[in-house]
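**Student:** Please read through the structure below; I'll follow up with questions.
The values are calculated or read from the model by the stated rules, or taken from the named source; none is laboratory data. Since this is a predicted model, take the numbers as computed values, not measurements. Note that each Cβ is placed from the backbone with ideal geometry, even for glycine, and that neighbours are counted across all protein chains shown. Heavy atoms of the whole protein, side chains included, go into the accessibility calculation; ligands, DNA and RNA do not. Shrake-Rupley method; radii C 1.70, N 1.55, O 1.52, S 1.80 Å.
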Amino acid sequence: MTKRVAIFASGGGSNMRALVADMTAAADHPAQPAVVLSNNADAGCIAWAKGQGIATVVVDHRPYGGDRAAFEAAMMQGLAPHAPDIICLAGFMRKLTAGFTDAWAGRMINIHPSLLPKYKGLHTHARALEAGDAHHGCTVHEVTAALDDGPILGQAQIDVAPGDTAATLAARVLVLEHRLYPAVLRRFAAGDRTPINLQG
């Protein structure tokens, strides 16, 4: 049975677009896009998804202040009519509580711009350069309550070039993200959690 996928994004959603493009390119894909959810009504991901005829849900986090449980309850309510089987985090800039991640354990994945377990959190490209790393990349992992943690489902790696800046490294890694995330989702939706490793 085809899995229904909810994609969470907060910005332009380039990884969301890569996921949707892969899911809709072939009739035999084990997943289909069901809904795009954002915490930002003005996010490019929402406008793009509407243009593609994909259902959208906006849950602005700001009215909830620091009450993350109430914000997440509103997200769950918004998701319910779309009955997703899998959640893909694609640049969703809100940290989720254990209450939400536990409810979706084994059914929610995320892409992170580093070779985890290195550089959890933000500013990953600058941190890789500051550390003098020879290699950098991105990781897709199952989501747990711990930040950028959970079983690794795939990684893509490039060599750090002598002239790389945080910006050039970010751009090069983003190209890899658009290859890795769809490849992992395709296998994940089919029940295969064997890690994928790609080279840039």
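**Student:** Which of (1) at negative phi; (2) part of a loop (DSSP other than H, G, I, E, B); (3) without any contact (Cβ under 8 Å) to a residue 40 or more places away in the chain does GLY132 not meet, given it meets every other one?
**Tutor:** Every listed condition holds for GLY132 apart from (1).
**Student:** Go through (1) within 21 Å of VAL35 (Cβ to Cβ); (2) open to solvent by 40 Å² or more (accessible area, probe 1.4 Å) for VAL143 and report which single condition fails.
**Tutor:** (2)
**Student:** Just checking, does the range 59-73 include any residue being out of contact with any Ser or Thr (no Cβ under 8 Å at 6 or more places or on another chain), at pLDDT 95 or above and under 19 Å from THR2 (Cβ atoms)?
**Tutor:** No, every residue in the range 59-73 fails to be out of contact with any Ser or Thr (no Cβ under 8 Å at 6 or more places or on another chain), at pLDDT 95 or above and under 19 Å from THR2 (Cβ atoms).
**Student:** Here's another thing I want to ask about it. Of the residues GLY51, GLY11, GLY91, GLY78, which single one is out of contact with any strand residue (DSSP E or B) (no Cβ under 9 Å at 6 or more places or on another chain) and not hydrophobic (A, V, I, L, M, F, W, C)? Working first, answer last.
**Tutor:** Working: GLY11 fails: out of contact with any strand residue (DSSP E or B) (no Cβ under 9 Å at 6 or more places or on another chain); GLY91 fails: out of contact with any strand residue (DSSP E or B) (no Cβ under 9 Å at 6 or more places or on another chain); GLY78 fails: out of contact with any strand residue (DSSP E or B) (no Cβ under 9 Å at 6 or more places or on another chain).
Among GLY51, GLY11, GLY91, GLY78, only GLY51 is out of contact with any strand residue (DSSP E or B) (no Cβ under 9 Å at 6 or more places or on another chain) and not hydrophobic (A, V, I, L, M, F, W, C).
**Student:** Could you pull out the residue among HIS136, HIS178 that is open to solvent by 60 Å² or more (accessible area, probe 1.4 Å) and at pLDDT 95 or above? Quick ask: steps written out before the conclusion?
**Tutor:** Values: HIS136 fails: open to solvent by 60 Å² or more (accessible area, probe 1.4 Å).
The unique qualifying residue is HIS178.
**Student:** I'm trying to understand the selection: among the residues of the range 10-29, which are surrounded by fewer than 18 Cβ atoms within 10 Å (Cβ to Cβ), within 18 Å of the chain's Cα centre (by Cα) and not in a helix (DSSP H, G or I)?
**Tutor:** Selection gives GLY11, GLY12.
**Student:** Over 13 Å from the mean Cα position of the chain (by Cα), assigned to a loop (DSSP other than H, G, I, E, B) and not charged (D, E, K, R): is that true of GLY106 in this structure?
**Tutor:** Numbers: over 13 Å from the mean Cα position of the chain (by Cα): yes; assigned to a loop (DSSP other than H, G, I, E, B): yes; not charged (D, E, K, R): yes.
Spelling it out, GLY106 is indeed over 13 Å from the mean Cα position of the chain (by Cα), assigned to a loop (DSSP other than H, G, I, E, B) and not charged (D, E, K, R).
**Student:** Among the numbered conditions (1) surrounded by fewer than 21 Cβ atoms within 10 Å (Cβ to Cβ); (2) more than 17 Å from the chain's Cα centre (by Cα), tell me where ALA128 comes up short.
**Tutor:** (1)
**Student:** Residues being more than 26 Å from LEU19 (Cα to Cα), surrounded by fewer than 17 Cβ atoms within 10 Å (Cβ to Cβ) and either touching a residue at least 24 places away in the same chain (Cβ under 8 Å) or under 23 Å from the mean Cα position of the chain (by Cα) (or both): count how many of those fall in the range 146-167.
**Tutor:** Final tally of qualifying residues: 1.
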